[in-house]
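A short worksheet on the structure shown next.
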2 protein chains.
Amino acid sequence: MPATSDRKTPGANPGYRHRCARLDGVGLTLDCGAVLDDVTIAYETYGRLNEARSNAILVCHALTGDQYASGFNPVTGRAGWWSTMVGPGKVIDTDRYFVICQNVLGGCMGTTGPKEINPATGKPYGLDFPVITIADMVRAQALLLDHLGIGDLFCVIGGSMGGMQVLQWAISYPERVFSAVSIAAAARHSAQNIAFHEVGRQAIMADPQWMKGRYLDHGKVPRAGLAVARMAAHITYMSEAALHRKFGRALQDRERISYGFDADFQVESYLRYQGSNFVERFDANSYLYVTRAMDYFDIAAAHDGVLANAFIGTRTRFCILSFSSDWLFPTAESREVVHALNAAAANVSFLEVETDKGHDAFLLDEPEMFETLSGFLDGSAYQRGLGS
Amino acid sequence: MPATSDRKTPGANPGYRHRCARLDGVGLTLDCGAVLDDVTIAYETYGRLNEARSNAILVCHALTGDQYASGFNPVTGRAGWWSTMVGPGKVIDTDRYFVICQNVLGGCMGTTGPKEINPATGKPYGLDFPVITIADMVRAQALLLDHLGIGDLFCVIGGSMGGMQVLQWAISYPERVFSAVSIAAAARHSAQNIAFHEVGRQAIMADPQWMKGRYLDHGKVPRAGLAVARMAAHITYMSEAALHRKFGRALQDRERISYGFDADFQVESYLRYQGSNFVERFDANSYLYVTRAMDYFDIAAAHDGVLANAFIGTRTRFCILSFSSDWLFPTAESREVVHALNAAAANVSFLEVETDKGHDAFLLDEPEMFETLSGFLDGSAYQRGLGS
């Protein structure tokens with residue numbers, strides 16, 4: 001087993017060393033046919049693995065997430081992105097479970113991706129990085145589990161793109177997944193979502209600083225394009241109601257409109273901040289690759305067009321959650337997954353959480369989500385012999 | 001009365017001369033306080049004004065519309081944008097009514113706007129053009145009516161931003177509006193809509209070819225930024241259902257995904273076409289100004305925060321239409337207008353048209369919309385003494 005190593009990662013916070021597993025000579029074959037000989041996986045763990053190695057939970061992050069699900073994120077200087085959910089005494093209780101979260105393949109927080117060095121050239125991959133899929137991300141996660149000596153997972157859980165990974169886990173490695181929680185996700189990416197991703201990619205590629213993907217070679221960053229991509233995406237993460245409640249037409253630090261193109265409205269100022277802040281922590285090429293992986297996600301297409309076929313014979317216990325105001329991954333798409341699981345005679349719980357917080361609700365303080373997940377995890381733990 | 005003149009307009013189709021009214025020395029005072037001494041208004045008319053001058057209908061166009069509501073548009077080489085609605089024997093029957101449509105103030109099809117020559121400098125205005133409002137657009141339309149010798153309108157009608165102008169007409173010049181039809185509009189622009197506009201503006205201003213708005217001086221066009229702005233906006237004009245029906249996850253001219261960043265999906269190809277096509281016919285600075293005018297629109301704010309106050313004492317007959325799948329201007333926002341009109345004891349008809357075509361439905365073949373508007377116009381014509 002290769003040793004876990006510390007390795008300096010280039011990027012927004014160059015002084016920080018992510019916790020990485022260097023998996024040399026693994027020969028990871030991707031859906032596109034390319035093979036990555038050496039793979040580095042940046043990850044974090046929380047809690048302790050029990051002696052039976054039966055209490056591991058894999059947390060899968062969303063498009064712009066990272067391995068810092070809980071605790072302190074040294075890159076952003078803020079709490080981990082799912083600190084409300086993961087921690088001692090939390091729903092995903094790190095006093096009880098061993099939680100693993102890794103930066104996805106193609107990401108930009110230490111795992112092999114377009115900003116890392118291509119061994120063939122000694123320069124960052126850029127667009128020479130092979131195009132990856134959600135299934136490829138899951139393969140890389142399985143490699144990490146092998147590396148850590150963990151056979152199967154008590155649970156795999158995630159929201160949005162993380163929820164896609166959860167479904168893919170249950171399909172690619174059904175024997176390794178005791179329970180699976182997919183939140184605010186879908187079995188395929190919709191035309192509207194592909195369209196929004198395409199706008200973001202076009203914004204990045206239109207930025208002259210992108211330099212056909214070779215900006216890192218020239219010490220440049222396509223900041224403006226990446227910020228616009230983030231701004232457009234960010235609108236889709238919130239509901240109209242949430243935007244209205246949070247901002248309405250309130251003005252930003254002024255008594256009246258300026259008759260100009262400054263950020264008169266708070267919602268404009270907020271979006272601009274979201275855009276410029278994102279550029280500090282995310283790589284533009286990673287954004288292209290990870291959005292593309294989501295666009296390509298289509299479980300049924302890989303199973304003769306029949307979604308249920310993907311789950312035939314599964315023994316995994318599923319929990320599917322959606323949010324009533326999520327228009328990016330609407331409840332109807334979760335229901336399709338539930339119907340397919342039912343058709344495959346799988347064990348599945350489903351809940352649509354009533355909330356006006358939109359897609360981002362999976363990251364927020366949603367008591368109904370917490371209660372449902374607590375109950376589901378407790379029940380599964382009992383079945384797994386982890387105590388009630 | 002100044003003469004109507006032909007004038008050569010710079011832009012996408014420099015050979016074409018728009019039909020223009022040059023209104024010199026009119027001193028148009030704008031909401032921002034600036035005064036435009038000379039105003040040129042590009043417009044088209046369809047049908048004949050009757051002797052009593054009582055059969056005029058003003059059609060107001062949307063954000064990216066123009067004066068070519070019907071017939072042939074010489075700039076795009078295609079039929080006018082509302083040819084389904086306006087023409088001989090159509091709902092807005094040009095055998096019966098005299099239809100006027102003008103390019104809005106701040107537009108880019110011949111009416112005074114940021115791409116026209118600033119008399120003070122001899123160069124295109126660019127960002128020296130004053131920021132305008134929907135009320136300013138309506139003032140410019142009233143100037144055209146004065147120029148044409150038309151006192152009052154039998155009807156003013158429009159969708160989206162056109163519907164905003166309709167409401168503003170009824171408020172600014174109640175005595176000049178016999179009937180008013182506002183389709184897929186609202187009494188104020190929502191936080192979400194401001195956010196989408198801000199993304200588009202940031203995309204334009206991030207393009208180095210924008211050159212702080214002075215691109216025309218340098219013979220440049222911020223094509224990439226304007227195309228991204230159009231792509232983002234275009235998604236909002238359609239419903240998820242319409243996108244799914246039209247494209248789903250169908251691939252573009254290929255059997256399987258390419259594992260690359262080309263337009264694999266038809267929806268990507270379609271959006272790219274929408275973006276690049278738009279750049280040929282629209283001016284980037286106009287896009288900034290006209291979106292800003294929409295953002296600033298807030299009738300209640302100008303009436304002590306009470307929407308109904310705007311309509312007190314009105315004698316105009318109103319018809320308000322919305323579309324069930326329009327998420328840009330959802331039905332709830334039309335209902336607010338209807339409630340305010342009811343509170344002001346106005347004469348108002350309201351219909352939510354059941355359709356899955358989204359916001360763009362007002363431009364499309366919607367039989368329920370046609371029937372409702374036919375009935376409304378016939379009834380109003382009867383009241384106006386124009387025959388049934």
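The values are calculated or read from the model by the stated rules, or taken from the named source; none is laboratory data. Source: prediction; values computed, not measured. So basically every Cβ, Gly included, is an ideal-geometry build from the backbone, and we count neighbours across all protein chains shown.
Points worth noting:
- Screening A:GLN102 on (1) surrounded by fewer than 24 Cβ atoms within 10 Å (Cβ to Cβ); (2) touching a residue at least 40 places away in the same chain (Cβ under 8 Å) shows it passes everything except condition (1).
- Of the residues A:ALA310, A:ALA361, A:ALA301, A:ALA381, the single one that is assigned to a helix (DSSP H, G or I), closer than 13 Å to A:ALA170 by Cβ, touching a residue at least 60 places away in the same chain (Cβ under 8 Å) and not charged (D, E, K, R) is A:ALA310.
- Among (1) within 26 Å of the chain's Cα centre (by Cα); (2) surrounded by fewer than 23 Cβ atoms within 10 Å (Cβ to Cβ); (3) outside any helix (DSSP H, G or I) - the single one B:ARG249 does not satisfy: (1)
- Test: residue in the stretch A:3-13 that is part of a strand (DSSP E or B), at pLDDT 85 or above and among the β-branched types (Val, Ile, Thr): no
- In the stretch A:19-34, the residues that are in a loop (DSSP other than H, G, I, E, B) and within 20 Å of A:VAL99 (Cα to Cα): none
Yes/no matrix, rows are residues, columns are (1) modelled with pLDDT of 95 or more; (2) over 21 Å from B:ALA62 (Cβ atoms); (3) assigned by TED's automatic domain parsing to the domain that holds B:PHE129:
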| residue | (1), (2), (3) |
| --- | --- |
| B:ALA203 | yes, no, no |
| B:MET211 | yes, yes, no |
| B:GLY219 | yes, yes, no |
| B:ALA227 | yes, no, no |
| B:MET231 | yes, no, no |
| B:HIS234 | yes, no, no |
| B:TYR237 | yes, no, no |
| B:ALA241 | no, yes, no |
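- Considering residues of the stretch A:201-211 that are of a type in the set (A, V, I, L, M) and over 24 Å from the mean Cα position of the chain (by Cα) only, the residue farthest from the other protein chains (Cβ to nearest Cβ): A:MET211
- Taking the criterion of being over 25 Å from A:THR236 (Cα atoms), touching a residue at least 60 places away in the same chain (Cβ under 8 Å) and not hydrophobic (A, V, I, L, M, F, W, C), the only residue of the stretch A:364-378 that qualifies is A:SER374.
- Residue match in the stretch A:369-388 (condition: among the hydroxyl-bearing types (Ser, Thr, Tyr), modelled with pLDDT under 95 and in contact with an Asp or Glu (Cβ under 7 Å, 6 or more places away or on another chain)): yes
- Within the option set B:ARG249, B:ARG254, B:ARG315, B:ARG245, being out of contact with any helix residue (DSSP H, G or I) (no Cβ under 6 Å at 6 or more places or on another chain), at negative phi and assigned by TED's automatic domain parsing to the domain that holds B:LEU167 holds for one residue only, B:ARG315.
- Scan the stretch A:282-303 for residues that are away from every other protein chain (no Cβ under 14 Å) and within 20 Å of B:GLY248 (Cα to Cα) and the total you get is 1.
- Restricting B:ALA195, B:ALA186 to residues that are within 12 Å of chain A (Cβ to nearest Cβ), under 25 Å from A:LYS357 (Cβ atoms) and not in a helix (DSSP H, G or I) narrows the list to B:ALA186.
- Annotation: of all residues in the stretch B:338-358 being among the charged types (D, E, K, R) and assigned to a loop (DSSP other than H, G, I, E, B), the one that is nearest to B:ALA69 (Cα to Cα) is B:LYS357.
- Sole residue being more than 22 Å from the chain's Cα centre (by Cα), of a type in the set (A, V, I, L, M) and more than 7 Å from chain B (Cβ to nearest Cβ), chosen from A:VAL279, A:VAL306: A:VAL306
- Checking each residue in the stretch B:249-268 for being at the interface with another protein chain (Cβ under 9 Å from one of its Cβ atoms), over 29 Å from B:ALA284 (Cβ atoms) and free of Cβ contacts under 8 Å to residues at least 12 places away in the same chain picks out B:ILE257, B:SER258, B:TYR259, B:GLY260.
- Members of the stretch A:122-145 found to be touching a helix residue (DSSP H, G or I) at 6+ places or on another chain (Cβ under 9 Å) and part of a helix (DSSP H, G or I), listed by number: A:GLY126, A:LEU127, A:ASP128, A:ILE134, A:ALA135, A:ASP136, A:MET137, A:VAL138, A:ARG139, A:GLN141, A:ALA142, A:LEU145
- Some residue of the stretch B:308-318 being closer than 28 Å to A:PHE261 by Cβ and surrounded by 15 or more Cβ atoms within 10 Å (Cβ to Cβ): yes
- The residue of the stretch A:157-178 that is nearest to the other protein chains (Cβ to nearest Cβ), among those that are buried (at least 24 other Cβ atoms within 10 Å of the Cβ) and part of a strand (DSSP E or B), is A:GLY159.
- Looking only at residues of the stretch B:106-138 that are more than 15 Å from B:ALA284 (Cα to Cα) and small (Gly, Ala, Ser), we find that the one that is farthest from the other protein chains (Cβ to nearest Cβ) is B:GLY122.
- Matching residues, the stretch B:212-248, being closer than 30 Å to B:GLU354 by Cβ, more than 7 Å from every other protein chain (Cβ to nearest Cβ) and not aliphatic (A, V, I, L, M): B:ARG230, B:HIS234, B:THR236, B:TYR237, B:SER239, B:ARG245, B:LYS246
- Odd one out for A:ILE320 among (1) assigned to a helix (DSSP H, G or I); (2) in contact with a Lys or Arg (Cβ under 9 Å, 6 or more places away or on another chain); (3) touching a residue at least 12 places away in the same chain (Cβ under 8 Å); (4) away from chain B (no Cβ under 11 Å): (1)
- The set of residues in the stretch A:335-388 that are of a type in the set (Ser, Thr, Tyr) and in contact with a helix residue (DSSP H, G or I) (Cβ under 9 Å, 6 or more places away or on another chain) comprises A:SER349, A:THR355, A:SER388.
- Residue within the stretch A:286-301 that is over 25 Å from the mean Cα position of the chain (by Cα), modelled with pLDDT of 95 or more and among the aliphatic types (A, V, I, L, M) present: no
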